[in-house]
Amino acid sequence: MAENAPSYTYRKVNKQASTLKLVKSRPVVRTYKRARWSLGDFVFVFIVAACVSAVMFASILLSNTTARVDDQLQAANGRIQALRSENDKSKEEINKATSVIALQRFAKQNGMTLNSANVQNINK
């Protein structure tokens with residue numbers, strides 16, 4: 001009966017050699033679920049979007065106002081320049097009309113004479 005029994009052979013294990021077999025590890029693939037937005041997230045996004053929209057609207061409004069004021073300023077400067085040139089022309093006409101030669105010509109046409117006793121100097 002001993003012949004039918006399985007035979008076992010024993011051998012000495014070399015303590016220096018490792019009995020563990022090295023197996024390459026597979027890379028770990030992690031899958032993540034998409035994060036769900038909470039009410040706070042939605043409120044934050046809404047507030048940020050509202051602030052950005054308000055800043056854009058204010059900048060457009062300010063730009064339009066600045067352009068309109070610029071046009072008004074240019075129109076006012078044009079009117080001022082026209083009035084200055086008109087004033088200069090009027091001053092020239094006044095200077096021509098009040099010159100000594102023009103006054104003498106006017107007096108001669110109207111039959112006036114110069115009386116030195118009645119002349120007073122007011123420039124002093």
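Here, each number is a calculation from the coordinates, and none is a lab measurement. This one's a predicted model, so the numbers in the text were calculated from it and none came from an experiment.
Above 17 Å lies some portion of the pair distances; for the range 84-123, what is it as a whole percent of all C-alpha pairs?
Cα-Cα pairs of the range 84-123 separated by over 17 Å account for 48 percent.
Any chance you could list P(r) for the range 22-105, counting all Cα-Cα pairs in 10 angstrom bins from zero, rounded to whole %?
Bin by bin from 0 Å, the calculated values are 12, 13, 12, 12, 11, 10, 8, 7, 5, 4, 3, 2, 1.
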